[in-house]
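Chemist: Have a look at the structure that comes next, please.
The values are calculated or read from the model by the stated rules, or taken from the named source; none is laboratory data. As the structure is a computational prediction, the values presented were derived from the model and not from experiment. Cβ sites come from the backbone with ideal geometry, for glycine too, and all protein chains shown count toward neighbours.
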Amino acid sequence: SLRKLDESGIVVVLVSSNALPIVVGLKKYLGLRGPAIGETGALIYYDPGTIVSTTKHTAKQALLDALNEFKEYVYETWQNMFRYHDYALKIKPEHKRRDREIYEMIKEYLEKKYPYIKVGYSGYAIHLTPRDTGKGKALLHIMEKLGISPNEALGVGDSHMDWEFIKITKYKAAVSNADPELLEKVDIKLSKPSGEGVVELVEKILKKININKPQR
């Protein structure tokens, strides 16, 4: 479905907190030509192989500190070996029921000790991100470079952390299993979850494109 959007002339941008190689790999697999955002906005990939950093800072020291200070509760994700700016921690399964408490504890500790770092929790991982970057900043960089207005853009996500870039776009959407905080803010609430919700949205867009396409 996303490839059909791409083929119709719409720029499709993948926005993720995953390490950039993961996001670019998915982009290539899906056959998309648009840019890709990784590391919670810290890195942008443009074809045929240009990588842009949106920050000069790194959360590596904060990561090492957290792993030492909170080793009872968290471990680092395997993707960290491919990261440069934004780093991720996973809460150990035996402590998952206390995830919010552990997240708040780590957030308070790190943000006080490292003022240039912000700590976020997607529900899957705790992200340590340079404060001067983010998904919104990365998307604005792409829009300016490609000459796209926010009034022409649509953003869709499933995490409250996605609001940072979705709020920039004119059309704001969320899949049905998105965080309640995100669902409260968007205009378009899809009836299906995760990838199925994205397909639902794409089909609506393609239908509208076909309706508005001049008839020969």
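Chemist: Are any residues in segment 48-70 loosely packed, with under 12 Cβ neighbours inside 10 Å and either under 24 Å from K135 (Cα atoms) or basic (K, R) (or both), and if so, which ones?
Modeler: Of everything in segment 48-70, those that are loosely packed, with under 12 Cβ neighbours inside 10 Å and either under 24 Å from K135 (Cα atoms) or basic (K, R) (or both) turn out to be P48, G49, T50, K56.
Chemist: Determine the pairs where a residue that is under 16 Å from G195 (Cα atoms) and assigned by TED's automatic domain parsing to the domain that holds V13, located within segment 153-165, has a partner that is assigned to a helix (DSSP H, G or I) and polar (S, T, N, Q) with Cβ atoms under 9 Å apart, the partner being 6 or more residues away or on another chain.
Modeler: Taking only residues 6 or more apart or on different chains, the pairs are D158/S194.
Chemist: Now for a different question. Go through (1) more than 16 Å from the chain's Cα centre (by Cα); (2) within 20 Å of N68 (Cβ to Cβ); (3) not small (G, A, S) and name the single condition R100 misses.
Modeler: (2)
Chemist: Here is a follow-up. Would you mind finding the one in T55, T40, T129 that is within 29 Å of N151 (Cα to Cα), in a helix (DSSP H, G or I), at pLDDT 95 or above and among the hydroxyl-bearing types (S, T, Y)?
Modeler: Residue meeting the stated conditions: T40.
Chemist: Among what's in segment 1-24 and is over 15 Å from the mean Cα position of the chain (by Cα) and not charged (D, E, K, R), pick the residue that is surrounded by the fewest Cβ atoms within 10 Å (Cβ to Cβ).
Modeler: G9
Chemist: Further, regarding this structure: Name the one entry in N177, N210 that is of a type in the set (S, T, N, Q) and part of a loop (DSSP other than H, G, I, E, B).
Modeler: Exactly one of N177, N210 is of a type in the set (S, T, N, Q) and part of a loop (DSSP other than H, G, I, E, B), namely N177.
Chemist: Being β-branched (V, I, T), outside any helix (DSSP H, G or I), farther than 19 Å from I37 by Cα and out of contact with any Asp or Glu (no Cβ under 7 Å at 6 or more places or on another chain) is the filter here; which residues of segment 66-125 pass it?
Modeler: V74 - this is the single residue of segment 66-125 that is β-branched (V, I, T), outside any helix (DSSP H, G or I), farther than 19 Å from I37 by Cα and out of contact with any Asp or Glu (no Cβ under 7 Å at 6 or more places or on another chain).
Chemist: Evaluate segment 182-195: report whether one residue or more is part of a helix (DSSP H, G or I), in contact (Cβ under 8 Å) with a residue 40 or more places away in the chain, in the same structural domain as R33 (by TED's automatic domain parsing) and crowded, with 16+ Cβ neighbours inside 10 Å.
Modeler: Checked segment 182-195: no residue is part of a helix (DSSP H, G or I), in contact (Cβ under 8 Å) with a residue 40 or more places away in the chain, in the same structural domain as R33 (by TED's automatic domain parsing) and crowded, with 16+ Cβ neighbours inside 10 Å.
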